[in-house]
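The values are calculated or read from the model by the stated rules, or taken from the named source; none is laboratory data. What you are looking at is a predicted structure, and each value in this text was computed from that prediction instead of being measured. When we count neighbours, we look across all protein chains shown, and the Cβ atoms used for this are built from the backbone with ideal geometry, even at glycine. Side chains included, ligands, DNA and RNA excluded: accessible areas come from the protein's heavy atoms. Shrake-Rupley method; radii C 1.70, N 1.55, O 1.52, S 1.80 Å.
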Amino acid sequence: MAERVARIASGVADFDRDEWNACAGQGNPFISWDFLVALERSGSVGGTSGWQPLPMVIEGPDGHIAAAAPAYGKSHSQGEYVFDHGWADAWERAGGRYYPKIQIAAPFSPVPGPRLLLRDRSQAPALIAGIEMLVQRNALSSAHATFIDPDQVPLFEAAGWLIREDSQFHWTNRGYGNFEDFLADLSSEKRKNIRKERRRAVEGLEIVHLTGSDLTEAHWDIFWDFYQDTGARKWGRPYLTRPFFSLLGEMMGPQVLLMLALRGGRPIAGALNLIGGDTLYGRYWGCVEDVPNLHFELCYYQAIDVAIARGLRRVEAGAQGGHKLARGYAPEPTWSAHHIPDARFRRAVADFLADERAGVQRDRLWLAERTPFRKGD
């Protein structure tokens, strides 16, 4: 067998952009070299953030990257959206040390996608083994791969990792030609409610879409104010730094879509999206004026308009949010994988996950029966 070498670096920026992206593919912007390096260069990860970049690659005999994983050393569980605080408390009460741990993820982004970046599937066992070796050699409690692509669940299962299931609300494009085609799939009552919401939300406002070279530092200054306000209310401290947004526009401008609501030419609300290969990803929202239903308009309905116009298959509008259900976003399963070396701790977590999974599946079935779509569709 040809020799392969596992290597860990202090950041994704240490690797060649084209080689990393050849493993990551073009579909999901959150695992691209540009997105991950923007996080590093802006100080959003590294330093005192509690996210220490430890990207791992498998190099082939020619020295080129054959596989990669966006890995981080974590000193807390913030910014992950797959909650393991209870596991940490239980392990530390038992005398263990839960942190630091290894997180394979797109930081601060509850977006399903590949976590094993593979030129071909046969490279997966070597990459997973490298992550496990990192845990073993540093006597760490665990490694976690969050929001993994469904196609990669069997790869982690084959390596003996525990699988956790949850749900998100996604909108699916059924070949609609316009928003009215989408509404035609809904019950009469829901169609009327959505039309009413949209009319009221934009009354007296102008909605603009900005991407690529249209994005300026003035726009990022405005959105930074929105983001800080929302972040302070949700998390206590915003995860991203102001320079991140400038770097995002500079490095990924054509994949960035910023929607702003203007009143008399003054921005009062905004929603930031990233455009993937077949999906529009809604990420952040904020406002300085409370307008009923404007959040739904900018984050959900405008996103549907864009997905239809661009021929995208899905809109993924982030974690949680049962209010998305009435707006045509249906529950879909999400997955994470967990490597826990200690046999006692592993058994306890496995029992917890079995009980949790049954509840998650019951909830998803209950929600699926209550979507706004006409019955029988």
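Against the definition (open to solvent by less than 60 Å² (accessible area, probe 1.4 Å), in contact with a Ser or Thr (Cβ under 8 Å, 6 or more places away or on another chain), modelled with pLDDT of 95 or more and not acidic (Asp, Glu)), how does residue 141 come out, yes or no? When the stated conditions are applied, residue 141 does not pass them. Among the residues making up the range 156-168, those that are open to solvent by 20 Å² or more (accessible area, probe 1.4 Å) and in contact with a Pro (Cβ under 8 Å, 6 or more places away or on another chain) are 158, 159, 166, 167.
Residue pairs whose Cβ atoms lie under 8 Å apart, separated by 6 or more positions or on different chains, with the first residue in the range 323-342 and without any contact (Cβ under 8 Å) to a residue 40 or more places away in the chain and the second not aliphatic (A, V, I, L, M), are 323/296.
Looking across 344, 362, one residue alone is modelled with pLDDT of 95 or more, assigned to a helix (DSSP H, G or I), over 25 Å from residue 77 (Cα atoms) and open to solvent by 80 Å² or more (accessible area, probe 1.4 Å). It is 362. Each residue in the range 247-275 was checked for being free of Cβ contacts under 8 Å to residues at least 60 places away in the same chain, surrounded by 18 or more Cβ atoms within 10 Å (Cβ to Cβ) and outside any strand (DSSP E or B), and 1 of them qualify.
Return the residue satisfying two criteria in turn: it lies in the range 169-180 and is touching a residue at least 60 places away in the same chain (Cβ under 8 Å) and outside any loop (DSSP other than H, G, I, E, B), and of such residues it is most open to solvent (accessible area, probe 1.4 Å). Top of the filtered list is 172. Exactly one residue among 105, 67, 6 is touching a residue at least 24 places away in the same chain (Cβ under 8 Å) and open to solvent by 40 Å² or more (accessible area, probe 1.4 Å), and that residue is 6.
Evaluated against (1) open to solvent by 50 Å² or more (accessible area, probe 1.4 Å); (2) in a loop (DSSP other than H, G, I, E, B), residue 125 falls short on exactly one condition, (2).
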